[in-house]
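The values are calculated or read from the model by the stated rules, or taken from the named source; none is laboratory data. Model, not experiment: these values are computed from the prediction. All Cβ positions, glycine included, derive from the backbone under ideal geometry; neighbour counts span all protein chains shown.
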Amino acid sequence: MNKKTIIIGVAVLLVCVGLSGCNEQGETFGDTNKVELVSYKVETYDGNTLLGEDFIHNEGADNYRIKGTIKNIAGYKLSRVTITVKFYDKNNIFLDSVDEDVYGIPDTYTESFSIRAYTGSWFNDIDEFNSVDSIKFEFTAS
């Protein structure tokens, strides 16, 4: 192979990898200079029975659990981090939000979180619950 073909191949690969993270699911806002979202996953449940990962829309589904890990990147111990998960439909229209506080995260440490959102408690109705398509995270840290 010639050098030009290899360079073009590497460039295309880098562009693909760079763009692969550019979806709106998992987008973060707020104190992102203090808290980093390391990882997360979405699970759908019927009561306490796991139906599967991601947003599953069927008759039995009644709650979503967002489990993840955040990291303190502030340079000092954070007393409290509020993690707000905002739910959106396929048209990026805001539906609802749920939050949870995590306390006492030392500098450079990670902490797990688990947030549950139930139909009827957070969402206005089952149709709204079933139209969730993506989430965004907002962090408030002190």
Does region 50-67 contain any residue that is in a helix (DSSP H, G or I), out of contact with any Gly (no Cβ under 8 Å at 6 or more places or on another chain) and either among the small types (Gly, Ala, Ser) or at pLDDT 95 or above (or both)? no
Odd one out for Ile126 among (1) modelled with pLDDT of 95 or more; (2) aliphatic (A, V, I, L, M); (3) more than 15 Å from Ala141 (Cα to Cα): (1)
Looking only at region 58-88, count how many residues are under 14 Å from Ala117 (Cα atoms) and out of contact with any strand residue (DSSP E or B) (no Cβ under 6 Å at 6 or more places or on another chain). 0
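Which of the following residues is in contact (Cβ under 8 Å) with a residue 60 or more places away in the chain and not in a loop (DSSP other than H, G, I, E, B): Ile83, Ile70?
Ile70
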Over region 38-70, the set of residues surrounded by 17 or more Cβ atoms within 10 Å (Cβ to Cβ) and farther than 20 Å from Phe123 by Cβ is Gly68, Ile70
Starting from residues that are out of contact with any strand residue (DSSP E or B) (no Cβ under 6 Å at 6 or more places or on another chain) and at pLDDT below 95, keep the ones in region 105-123 and report whichever is farthest from Lys67 (Cα to Cα). Gly120
Please find, within region 2-49, the residue that is modelled with the lowest pLDDT out of those that are assigned to a strand (DSSP E or B) and among the small types (Gly, Ala, Ser). Gly30
Tell me, please, whether a residue that is within 20 Å of Val132 (Cβ to Cβ), under 15 Å from the mean Cα position of the chain (by Cα), of a type outside the set (Lys, Arg) and exposed (fewer than 12 other Cβ atoms within 10 Å of the Cβ) can be found in region 89-97. yes
Lone qualifier among Phe129, Phe87, Phe123 - being of a type in the set (Phe, Trp, Tyr) and within 16 Å of Lys41 (Cα to Cα): Phe87
